[in-house]
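Worksheet: the structure to be examined is printed underneath.
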Amino acid sequence: MPGYLLRRLLGAIPTILVVVSVCFLMLQLAPGGPFDSERKVSPEVLANLQAKYHLDQPLYRQYGYYLNNLLHGDLGVSFRYADWSVNALVANALPVSAAVGGVAMLLSLLIGLTLGIVAALKQNSALDYLLMLLGNLGSAVPSFVIGPVLILLFCLWRPWLPYGQFSLSPAYMVLPVVLLTLINVSTLGRVMRGSLIEVMSSPFIRTARAKGLPLATIVLRHALKPALMPVVTLLGPLAVSSVAQAVLTETLFAIPGLGRLLVNGALNRDYTLVLGLVILIAIATVLFNLLVDIAYALLDPRIRY
Amino acid sequence: MCRFADSHPTPSPDAPPGRSPWANARRRYRQNRAAQLSLLLLLLLGLAVIVGPWLLPHRYDDTDWSALSQAPGWQGGHWFGTDDLGRDLLARTLIGGRISMLVGVLGTLIAVVIGVAWGAISGFAGGKVDALMMRLVDVMYALPFMLFAILLMTFFGRSLLLMFVALGAISWLDMARIVRGQTLSLKSREFVEAARALGVTRRALIMRHIVPNLLGVVAVYATVTIPNVILTESVLSFLGLGVQEPLTSWGVLVQEGQQNMSSAPWRLLIPAVFLSLTLYCANFVGDGLRDALDPKDR
């Protein structure tokens, strides 16, 4: 196992390096510099600014500086937010994103898996149809439409929930969490349903039934673990897509999290901020996918590592 | 499934012996009411966004100063109301739909070209080349590609052309995987072996014998890709990184509607309904096609 872990970790390094390099090159190729603004800066000042940020150096030196700083955990300073380092901006935004996203993820897993199990055991029941309905809704109505409609319904027409300046209190978190949960529940539920139905029709479950075990025991003891495997594989893509969802949700509800920071940075052409965020998120998803693979290997005894 | 290319002239549907796979597929699709209805709706929507803007009394960028933020109704010919600049919402919705659908189709075309080339070469070459190419696809799967679309759009300006490229470039991964799988099974078939024995070059083998036999599968997955591309486009536009004023797309309209939804909810709801309806129907058509052409998946 330790050998496998080490191999996988080392395997992730080229991926991350490619991401960093592509981002860096892309930003270099982009037209316009960070100091091209409406107000002209005198050439001397511009030269000083560029020297300060090493922009007067050749490309490979800039790349070297950046990699070196990155290795020391320093993402550089923001080009737009005065007196802010990217690290500080991230440190402010990360807890907000983590709180909203974490609660939403827990809820979606809890509700989605339960719904999937019930739907699989009672096919064609009301809950089964609810799951199907949610799935259809989710595949057709984009989340950035569901979100505003939720706001329209629960903040404007029926002012039950606050809307506007976000703060980390339950009342403000309800709608974003509901939105993120709605999106994920149908996917998780449908995969869980399908895989449990398949497992429940396999011979070893028939044996368990023939022994006269109660249904609860059959499901919880025997069927659940193999049925969870496809769900575990789903977690990787789910994490990837939840990045896009976070960007949307945070823009929609004015949540000062990582996603909103990214969009604002992109709109302001804040080179270092966007670069830092993209790298951070990419590393996080690569590591998460790694964890999922390892969990898969641990859960499925047929997989050799 | 790979026998689609050798389709025969279609016999009448009630003659059981000697039905071609295409005829079978068509029959299965006809039995799928939801898919048929969706196809009809989708065609109507397509027709509306292509022809509609020419028939309307208002242009999409004309400002009607006598009707700012007017609610839907018959007044002044603004059936779907106007926005805060007095522009007709129906005209804007149709023009936006034109852009969204165009982006969906062109982005998918780009994805098809890259995906088919990548998958066919990878599957055909096999060995180390295959392993390397597919490893690259795996790596890209693990990255949130939305980020790169956002990066591309911001740093190279927000042009429509670039948007096609960005969307196509992030949508080809599934296509590549599917095409590779098909190529692997085609590669060992007799007709390919025969062609190889005749001394056909590798390039011609791929272009003449492998790719044409992939078309059925590719067509199906292309229809599934279109709504996804439309969705990604509208997300980008919604974030302000996509289509720019005065042109518009459904994502832009939803975003504008969301900004004004307390005073003018119709501006959110109308484009939202159009977008959702299109995605819904496109998904149904795609699923219907897949079921019709690939009954094994059921």
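A short reminder: the numbers here are calculations on the coordinates, not readings from a lab. This is a predicted model, so every value here is computed, not measured. Here the Cβ is made from the backbone with ideal geometry for all residues, glycine too, and neighbour counts use every protein chain on show.
For the residues B:S234, A:S125, what sequence is obtained by ranking on other C-beta atoms within 10 Å, fewest first?
In order of increasing Cβ crowding within 10 Å: A:S125, B:S234.
Based solely on its DSSP helices, what 222 nm [θ] is calculated for the protein assembly as shown when runs of n ≥ 4 H residues each add -39,500 (n - 2.57) and the sum is averaged over all residues, nearest 500 deg cm²/dmol?
That comes out to -24000 deg cm²/dmol.
Which whole-number percent of Cα pairs in the protein assembly as shown have a distance greater than 46 Å? Before the final figure, lay out the partial values.
Working: 38947 of 181503 pairs.
Cα-Cα pairs in the protein assembly as shown separated by more than 46 Å: 21 percent.
Using a ≥ b ≥ c from the Cα gyration tensor of segment B:195-298 (square roots of the eigenvalues), is it rounded, prolate or oblate, where a/c under 1.5 gives rounded and otherwise the larger of a/b and b/c decides, a/b for prolate?
On the way: a/c = 5.92, a/b = 2.35, b/c = 2.51.
Since a/c reaches 1.5 but b/c is at least a/b, the shape of segment B:195-298 is classed as oblate.
How many angstrom lie between the Cα centre of segment B:115-192 and the Cα centre of segment A:223-294?
Taking the Cα centre of segment A:223-294 as reference, the centre of segment B:115-192 is 21 Å away.
How many Cβ atoms of partner chains, on average, are near each residue of B:266-279 if near means within 10 Å of its Cβ?
The mean count of partner-chain Cβ atoms within 10 Å per residue comes to 3.
Can you tell me the orientation of helix A:126-140 relative to chain A, as the angle in degrees between its alpha-carbon axis and the longest Cα principal axis, to the nearest 10?
30 degrees
For a quick check: sort B:V165, A:V100 by the number of other beta carbons within 10 angstrom, fewest at the front.
By the 10 Å Cβ count, ascending: B:V165, A:V100.
Averaged across A:151-161, how many Cβ atoms of other chains sit within 10 Å of each residue's Cβ atom?
Details: counts 4, 7, 0, 0, 2, 4, 3, 0, 0, 0, 0.
The per-residue average across the peptide is 2.
Can you sort B:I230, A:I281 so the residue with the fewest Cβ neighbours within 10 Å comes first? Write down the numbers at each step before the final one.
Details: B:I230 28, A:I281 22.
If I rank by nearby Cβ atoms, fewest first, I get A:I281, B:I230.
Across the protein assembly as shown, how many lysine pairs separated by 8 or more positions, or lying on different chains, have Cα atoms within less than 26 Å? Mind dumping the intermediate values first?
Numbers: A:K40/A:K52; A:K122/A:K211; A:K122/A:K225; A:K122/B:K296; A:K211/A:K225; B:K128/B:K187; B:K187/B:K296.
Eligible lysine pairs with Cα atoms under 26 Å apart amount to 7.
Once you order the gyration tensor axes a ≥ b ≥ c over the Cα atoms, which shape class does chain A get: rounded for a/c under 1.5, otherwise prolate or oblate by comparing a/b with b/c? Could you put the intermediate results ahead of the total?
On the way: a/c = 3.39, a/b = 1.66, b/c = 2.04.
Taking the square roots of the gyration eigenvalues as a ≥ b ≥ c, chain A is oblate.
Taking each residue in B:130-137, count the Cβ atoms of any other chain within 10 Å of its Cβ, then average. What number comes out?
Working: counts 0, 0, 0, 0, 0, 3, 2, 0.
For peptide B:130-137, the averaged partner shielding equals 1.
Under a Cβ-Cβ cut-off of 12 Å, what is the net charge of the residues other than A:G276 that fall near it, where Lys and Arg count +1 and Asp and Glu count -1? Display every interim value, and only then the final one.
Working: positive: none; negative: A:D74, A:D270.
Result for the local shell: -2.
Would you work out the charge dipole size for segment B:219-298 about its Cα centre, treating the Cβ of every Lys and Arg as +1 and the Cβ of every Asp and Glu as -1, and quote it to the nearest 20 debye?
Values: 4 positive and 7 negative charges, 21 e Å.
My answer is approximately 100 debye.
Could you give each residue of segment A:182-192 its phi-based ³J(HN,Hα) in whole Hz, using Karplus coefficients 6.51, -1.76, 1.60 with θ = phi - 60°, and x for Gly or Pro?
Each residue of segment A:182-192 in turn: 3, 5, 7, 4, 5, 4, 4, x, 5, 5, 4 Hz.
Taking the Cα atoms only, what angle lies between the long axis of helix A:43-52 and the longest principal axis of chain A, rounded to 10 degrees?
So the inclination is approximately 50 degrees.
State the extension gain, in nm to one decimal, for the chain segment bounded by B:A197 and B:Y141, taking 0.36 nm per residue of separation less the distance between their alpha-carbons.
Details: separation 56, 0.36 × 56 = 20.16 nm, distance 3.74 nm.
Length gained, B:A197 through B:Y141: 16.4 nm.
How tilted is helix A:258-268 with respect to the longest principal axis of chain A? Cα atoms for both, answer in degrees (0 to 90, nearest 10).
For A:258-268 against chain A, the angle is about 40 degrees.
Springs between alpha-carbon pairs under 10 angstrom, Gaussian network model over chain A: which of A:L152, A:L115, A:L248 fluctuates most?
With Cα springs under 10 Å in chain A, the top fluctuation among A:L152, A:L115, A:L248 is at A:L152.
Tell me, what is the FRET efficiency for B:L247 and A:A254 to the nearest 0.05, using R0 = 30 angstrom and their Cβ-Cβ distance as r?
Numbers: r = 27 Å, r/R0 = 0.88.
Using R0 = 30 Å, I get an efficiency of 0.70.
Assuming a ≥ b ≥ c are the square roots of the Cα gyration tensor eigenvalues, decide whether segment A:92-151 counts as rounded (a/c under 1.5), prolate (otherwise, with a/b larger than b/c) or oblate.
Numbers: a/c = 3.93, a/b = 1.56, b/c = 2.52.
Oblate.
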